[in-house]
Amino acid sequence: MGYYLSSSHLLIGLPQISINMPVHLLSDGAGPPRQVPSHLSRIPITLINTSVDCTDRTVQGRVVHKGPLVPTAADSFILKAVVTEESEQIVGSINVILQGTLAQDFSQSVHQGDVVAASGFTVGKSPTRLRDKLHPFNLQLSGDHACVFVSREVPPHPPHPRSLAVVRRASAASTEVSRVTKVPKYMYVRLKDLKPGTVVNVYGVVVFFKQPFRTRGTDFCSSLKITDQSNQSVFCTIFCEKLEDHPKIFQIGDIIRLHRVKTQFFNDSIMLVNTFGFSVVTFDGGEGGPVEPRTSCQKFHFDETDGSTVEELRAWAAGQVKMPPSPLMRLSAVQPTNYFDLTCQLLAKASIDSTCTLLRVWDGSRCAHTLLKVNISPDIIEGPPSFSARKEELIANILVYDNHVEFTRQLKPGDFLRLYNLRAIPGSQKVPGLPSSQPAELHHLSFHLHGGTAYGRGLRILPENSSDVQELKRVLDLFEDDELNNSYLMDTWSTTPESSAGAEAAGGLELLDDRHPEQLSEVRRAGPGGVHHVRVQLRSYEPQKLHQLLKLYCSKCSSMQDVPDEELVENLFSQASRSPVPCDPPPWALSGMARLPPGPLKRTLSIHMSKQLVSEGKTTQLIFIMGSSLEEAIQLTSGYQNVVPVMSSGGHMTLLDLSAPFLFRGRKRFYGCRNCSDVVIKEPWGNGVELINEKTIAEAFGIQLMQFVFLMKFKLQDATDSLDVFLFRDAELFFGVTAEDAAANQEAQSRVCRMVESICPPEDSTGERPWLHLCLVSYSREDDFGQNQTCYQICHSAIASSSPDLQAPFHPPF
DNA sequence: GTTTAGGGTTGG
C-alpha cells in the first residue's frame, strides 16, 4: 500500500483512508512504489551528488534506519533516516533529513523496512560522512515540493479482521482501495478491573521482568510484572516457542501492550497468561522520547490512540515514587558486592567449559577497582585475543554460567548487550578452566552472571538503533578515535583574543535529543566515560580568528595542522618556479605552453597533459603546470577541472612541497599528509579510472589525502561551574556546514562566524547570551606526563537558529 | 484449544 506524504499535506485527487493521520492512502499495492508520478525518474543513490540536477528525480530504497522525531526551535521537527538501495550488487545507503510536518508524517507512518521513494529533495554534504561512512551527500526534504511515497511489504497473512491495521493486506490482482469504516477499536482493561476467566487486552509499565528462559516444556517463558494508573500490579507469564515472539523488554519502566491475554487465579491473586492470537508490543518508557513500537511482528495494529496511551503511561510512571530504581550502572560506578545491569559492547568471547563462557566487554568507562584478569589461550577466543594497553584497562571480563551459556553461543564480537543482575565479587575466586597455578588475584573484582533467572538474571542483545546503544557508541567511538591521543587537542591555545564585529543574530542551540539537563558541577564530578546533557552559556571560545578553527587532519596518522596561509603557499609557488631546471616530460604526457585565460603570461609556464585524455577529447580534465604563480594556478581552475602544480626535481616531474596544495579543483584545494604520502607521479587515469578527482589523483600519486576539520575550544558556564570543552568530532553537525565548504567558500565561513557570535555575543554588544542545550561526552586521555586527564567534547548537538539569516539553506555559489 | 512457571541472589 502506498502513502503520499507531503509537507503541505497535498492530496492529489485520490481516495483518502479514514485513518486519523495526516497521511493519505493513494492506492493499494505491494513491492516498489508504483504510484510515483510518471514525470519523476529514478536516480541511483550511488550517483547522487551536488552537481546532479535532482529536479523531477526520485531516490528509491528501503528504510534501514528511522531516527526519532526531534523537536527543533520554532516549533518544527527534524527526523533522520537511512535509506538503502540494492540493485545488481551495487548497494548505496544515504542519510535522509526530513523537516517540518513531513518529518512528523514520516515518523508516524513509515516503519523500518518500508520501501520509499523520495522526490523534491535537495542534496547536501553529509556532515556525518566521516563517522557513519555512508554516502558523502545527504538528501534534505523540506518545503512544499518535498514528498515521500511509501510502499510496504505484503504481510504473510491477512490482518486480524477486527484490527484497524496500519498495514493492510495488499492484493496483487487488484488496486482497489479497501476503505476502513467504523472499525471497533481495541478495548484495554485497567489492571484493577481484571476479572477471572476472561480474555483481555492490557497496557502497563514493566516493574519486573525476566528475559525469556527455556522451560521444561516446548516453549520459552517470559515472566514479568506490570502496573498502570489503577495502581494495581499484575504478574504475567508469556509462553512462546520462538524467542522473537517474546516481549522485547530492555529495562524497568518500559511500556508493554498485550493483546489477547487470559486472566487466571494463582495464589489468591489474578494474573495474566497469553492465549490464542496473543501479540505483544513494547515501547521505551522515557518521557518525551519517540514512540517506537518494538516488535518482530510484520503486521500489528498501531494508531494515534496507542501513541497517546503510551505517553500517558510514561507521564504517570514518571510521577510514581514507587517505581523500582533502575539497576543500570556504568562500570566506573560499580562497587564490590553490587548487583547491577550493564549496557556494553562485546569485544571477544571464549567458551571456558560447558557451564561457563567468558565475555570480554566494555562500556567506555573505567572501573575504579582492579579487575580480574583472565588469561585464556588465544586459540579459544572469538574476537581479538588482546587489545591496546589503554583499551585493556577498560575491559571487564564477565563469567557467564549455566543456563545463560546457551544464549552466549549466538553472540558475536561487536554486539551490543545488556547484562541483567551481574554480580561484582571481590577477592580471590576460583575461576573454572584456569589452572590452580593461576588463581585469580586477591582483591581483584570479578563479574559473574550466575546461573538461574532470579532477579531477572540474564542477557540480551540490544538493537543498534536503541537510544542507549546510540549513546554508548558515542562514548566508544570517541575512545577509538586516534585523534584523541593526539596532543593537538591538549595544546595551549596561543590565539590572542580580539574583538569581533557585533552579533547579527541571536541563535539558539538545539540538542538532537531531549533529556533533563545536568549541572556542570555534576558533570565534573562524574568523571570520564559518560554522556551528559547540560544547559549552559558560552562564556568564551578559542580561537577567535575563524580561519584558525579550520585544520587539516590526517585520518591515517592522526596528525593535525593549520591550513597554510596564502602567503606561505605563494612562497612555495615562487620558490618552485625560481629554478627552471629542465625536466623530461613523462612518456604519457603531451607538453607545451599554457594560455592563461585571461591576460598575458608573465613568464614561461610549461604545461603537461595526458596523451590519452587528449586523444579522448577530454582536454579540460587535468592539467599539470610548472613554473606558475599561485594566482595563475587559481586562474587555470576556471578552464580545467583538475590543476596540479608540479616542479622539476632531479630531471623528473614531481609535486611541490606538500605544505602547498597538490591539487586545485574549482575553489577547493587539496592537501597531502607529509608523514603518510610517498609521492610518485603516475597516470591517475590508468586501470580504467573513469573519474578524475582528488581521490583518484591522490591514490595515483601515493598521497594520503588530508581532510578539513573544525576544532574549537569553548568555555561553558552555568550556575554551578565552568568547563572547557572541545568541539571537534561533531562540529560539522553543530554548524551544519562541512569544513570542506568552509575552507573553499567565504560565505560558508561567515555563516560559521555568525553562528559562533550568535551564541556568544561580544562583550560590548547588546546581544543577550543565550542558554544552550548541549550534549557532552567525557573521556579520559593521557597527557604528556602520563597523567590521565578528563576531556569533554560537544556531541550530537546542532545550532538551530531562529534567525532567518542563519536558517536559509546554504548553497555554494558554484 | 494450552504443558511449560508461578520473581526474590551466596554460586563456580
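Sort A:772-779, A:651-658, A:370-377 by the packing proxy (mean of other Cβ within 10 Å over each peptide's residues), most packed first.
A:772-779, A:651-658, A:370-377
Using a Förster radius of 41 Å, what is the FRET efficiency between A:SER750 and A:LEU328 based on their Cβ-Cβ separation? Nearest 0.05, please. Walk me through the numbers on the way to the answer.
On the way: r = 45 Å, r/R0 = 1.10.
Approximately 0.35, to the nearest 0.05.
Please compute the contact order of segment A:565-685 in relative form: average sequence separation of alpha-carbon pairs under 8 Å and at least six residues apart, divided by the residue count, as a percent. Numbers along the way, then the final one.
On the way: 204 pairs, mean separation 29.5, N = 121.
Normalised by residue count, the contact order of segment A:565-685 is 24 percent.
Treat each spin label as a single point 7 Å out from the Cα along the C-beta direction, and report the A:GLN575 to A:GLU631 distance in nm.
It is 2.1 nm.
Compute the signed sum of charges (Lys and Arg +1, Asp and Glu -1) over the other residues within less than 9 Å, Cβ to Cβ, of A:SER722.
Numbers: positive: A:ARG539, A:LYS715; negative: A:ASP718, A:ASP721, A:ASP724.
It works out to a net charge of -1.
How much net charge surrounds A:SER521 when only other residues with a Cβ under 14 Å from its Cβ are counted (Lys, Arg +1; Asp, Glu -1)? Please report the intermediate quantities before stating the final value.
Numbers: positive: A:ARG524, A:ARG525, A:ARG535; negative: A:GLU518, A:GLU522, A:ASP718, A:ASP721.
Charge balance near A:SER521 sits at -1.
Go through A:470-478, A:732-740 and give me the packing order, highest mean Cβ count within 10 Å leading. Please list the in-between numbers first.
On the way: A:470-478: 19.0, A:732-740: 23.1.
Going by the mean number of other Cβ atoms within 10 Å, highest first, we get A:732-740, A:470-478.
Could you work out how much longer the chain between A:ASN375 and A:VAL679 gets when fully extended? Use 0.36 nm per residue separation minus the Cα distance between them, nm to one decimal.
Gain on extension, A:ASN375 to A:VAL679, equals 105.0 nm.
Using the Kirkwood radius over C-alpha pairs as Rh, can you work out the diffusion coefficient of segment A:653-796 via Stokes-Einstein at 4 °C, viscosity 1.567 mPa s, in µm² per second?
Details: Rh = 18.6 Å.
For these conditions, the coefficient is 70 µm²/s.
A:PHE785 label point, 7 Å along Cα→Cβ, cut-off 11 Å on backbone N: hits in segment A:720-755?
none
Tell me which lysines have Cα within less than 22 Å of A:LYS192's Cα, excluding those fewer than 8 residues away on the same chain?
A:LYS225, A:LYS262, A:LYS322
What's the FRET efficiency of A:SER41 with A:ASN693 using the Cβ-Cβ distance as r and R₀ = 22 Å, to the nearest 0.05?
Details: r = 25 Å, r/R0 = 1.15.
The calculated FRET efficiency here is 0.30.
How many percent of Cα pairs in segment A:565-685 exceed 18 Å? Don't skip to the answer; put the middle values down first.
On the way: 3562 of 7260 pairs.
In whole percent, the long-distance tail amounts to 49.
Give, in nm to one decimal, the length gained when the segment between A:HIS145 and A:ASP56 is fully stretched (0.36 nm per residue of separation minus the Cα-Cα distance). Provide the component values of the computation, followed by the final result.
Working: separation 89, 0.36 × 89 = 32.04 nm, distance 1.01 nm.
Fully extending the segment from A:HIS145 to A:ASP56 adds 31.0 nm.
Taking the Cβ-Cβ separation of A:GLU382 and A:SER591 as r and a Förster radius of 45 Å, what is the calculated FRET efficiency to the nearest 0.05? Kindly include the intermediate steps, with their values, before the conclusion.
On the way: r = 58 Å, r/R0 = 1.29.
Given R0 = 45 Å and the Cβ-Cβ separation, E is 0.20.
Going toward the positive end of the dipole of segment A:565-685, with +1 on Lys and Arg Cβ and -1 on Asp and Glu Cβ, which of A:ALA633, A:LEU655, A:SER610 do you reach last?
A:SER610
Given bins 5 angstrom wide, list per bin the percent of all Cα-Cα distances in segment A:187-281, short to long.
Here the calculated profile for segment A:187-281 is 3, 15, 27, 27, 19, 8, 1, 0.
Which residues does a label at A:THR766 reach in segment A:524-552, if reach means a backbone N under 20 Å from a point 7 Å past the Cα toward the Cβ?
No residues fall inside that zone.
State which entries of A:LYS545/A:LYS715; A:LYS210/A:LYS299; A:LYS195/A:LYS242; A:LYS248/A:LYS299; A:LYS556/A:LYS682; A:LYS66/A:LYS473 exceed 20 angstrom in Cα-Cα distance in the structure shown.
Working: A:LYS545/A:LYS715 16 Å; A:LYS210/A:LYS299 25 Å; A:LYS195/A:LYS242 29 Å; A:LYS248/A:LYS299 16 Å; A:LYS556/A:LYS682 22 Å; A:LYS66/A:LYS473 17 Å.
Table pairs above 20 Å Cα-Cα are A:LYS210/A:LYS299; A:LYS195/A:LYS242; A:LYS556/A:LYS682.
Just rank A:PHE239, A:PHE447, fewest to most, by other beta-carbon atoms within 10 angstrom. Don't skip to the end; give the middle numbers.
Values: A:PHE239 18, A:PHE447 24.
The fewest-first ordering by Cβ neighbours comes to A:PHE239, A:PHE447.
The numbers here are math on the coordinates, done by the rules we state, and not lab data. Predicted, not measured: the structure shown is a model, and the values here were computed from it. Cβ: placed from backbone, ideal geometry, glycine included. Neighbour counts: every protein chain shown.
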